[in-house]
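Report on one structure; see the data block that follows.
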Amino acid sequence: MFALPRPLLKDALSGALPVPFVPSDAGYFPNAVFHYVERTAGSPQIILIFCVGGRGWLRLGDLEYIIESGQVALVLPDQPHVYGSSEEQAWSIYWCHAAGRAAARIAALTLDRNGSPVVQVADHARLAGLFREIVDELAHGYGLPHLLAASLTLGHLMGCIYSESGRHTAGVPTAAMRARSVAAYMRQHLERPARLEELARMANLSISHFSAIFRKEFGFSALDYLTRTRIRRACELLDTSGSSLKEIAAAVGFSDPLYLSRVFRAVQGISPSQYRSVVKG
């Protein structure tokens with residue numbers, strides 16, 4: 001385990017590092033029998049705990065959460081908490097404390113999206129690798145190169161946890177999960193026409209509810225998302241094939257290549273022929 005010297009942490013957060021958050025503490029506890037932590041006043045930093053074996057628990061106020069292998073627990077700054085390992089199945093955990101207001105903001109967004117401080121993770125190896133990179137960088141020292149690398153990896157880690165949040169809910173799928181399923185359907189069937197009423201029906205939501213949920217999840221309306229996804233696919237075909245604009249238009253759901261050109265220019269800022277002529281890579 002590694003703890004960043006607090007004067008160095010203060011300097012990093014005050015502008016010495018060009019990053020909005022810093023890993024203040026990090027470590028790996030394998031088979032942590034009798035591991036128990038209680039902070040009645042909470043911690044100044046975000047706490048991230050990734051269980052990679054066994055199980056443990058987290059208590060926040062009157063609520064207690066079980067943390068299984070493949071799950072991440074988040075604790076917000078200044079939040080009183082108690083956590084520890086199961087006595088029957090001692091957990092193995094990676095853990096990291098994230099300092100900085102941006103880290104607190106990302107954690108709050110994750111909790112809001114997930115509805116729980118425990119996030120189920122699909123790609124265990126990827127997340128464990130990011131925790132391990134943070135620990136390894138801090139193990140090499142607290143100089144600018146290692147601290148910068150650890151901080152940037154922390155940003156990637158928190159982004160991955162946010163991305164995973166809200167995806168795995170027991171029982172009936174949430175409205176957000178249904179909206180993501182509709183988005184996946186649209187990506188797989190770009191050539192098919194789509195109407196908002198039909199998309200909302202697929203999600204089993206009212207048009208207004210579906211529209212609000214979809215925009216919250218993806219940042220665009222459902223039809224705008226579909227248009228942008230079609231244009232992204234058109235870009236791929238322009239880059240990787242010799243297909244004519246008419247053929248590309250048909251492949252991505254535009255019956256008229258002239259209409260594709262107009263929409264393409266509105267999204268990309270240039271025409272399809274200009275895009276195709278740009279050297280990339």
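Please build a GNM for the chain, connecting alpha carbons under 10 Å apart, and tell me which residue among V182, V72, V118 fluctuates the most.
Evaluated over the chain, the most mobile residue of the options is V182.
Give me the distance between the Cα centres of region 1-66 and region 200-226, rounded to whole Å.
If we compute the Cα centre of each part, the gap is 36 Å.
Which of L157, S116, P145 sits farthest toward the positive end of the charge dipole of region 50-166, with +1 on the Cβ of Lys and Arg and -1 on the Cβ of Asp and Glu?
P145
Mind checking the angle between helix 207-218 and the chain's longest principal axis? C-alpha axes, 0 to 90 degrees, to the nearest 10.
Once rounded, one gets 60 degrees.
Show that you can apply the helix-only estimate: for the chain, add -39,500 (n - 2.57) for every DSSP H stretch of four or more residues, divide by all residues, and state [θ] at 222 nm to the nearest 500.
Computed ellipticity for the chain at 222 nm equals -15000 deg cm²/dmol.
For the chain, modelled as a GNM with alpha-carbon contacts under 10 angstrom, which of A184, A176, A149 fluctuates the most?
Per the Cα network of the chain with a 10 Å cutoff, A184 tops the list.
Roughly how tilted is helix 222-240, in degrees to the nearest 10 and between 0 and 90, from the longest Cα axis of the chain?
80
If you plug each phi of region 98-103 into the Karplus form 6.51 cos²θ - 1.76 cosθ + 1.60 with θ = phi - 60°, what whole-Hz ³J(HN,Hα) values come out, in order, with x for Gly and Pro?
Going residue by residue, I get 10, 9, x, 5, 5, 5 Hz, with x marking Gly and Pro.
With everything on Cα atoms, drop me the angle between helix 124-139 and the longest principal axis of the chain, reported from 0 to 90° to the nearest 10.
It works out to around 50 degrees.
Throughout, read-outs are computed from the coordinates displayed, never taken from laboratory work. Only a predicted model underlies this, so the values are computations on that prediction, with no experimental measurement involved. Methodologically, a virtual Cβ is constructed for each residue, glycine included, from the backbone with ideal geometry; neighbour enumeration extends over all protein chains shown.
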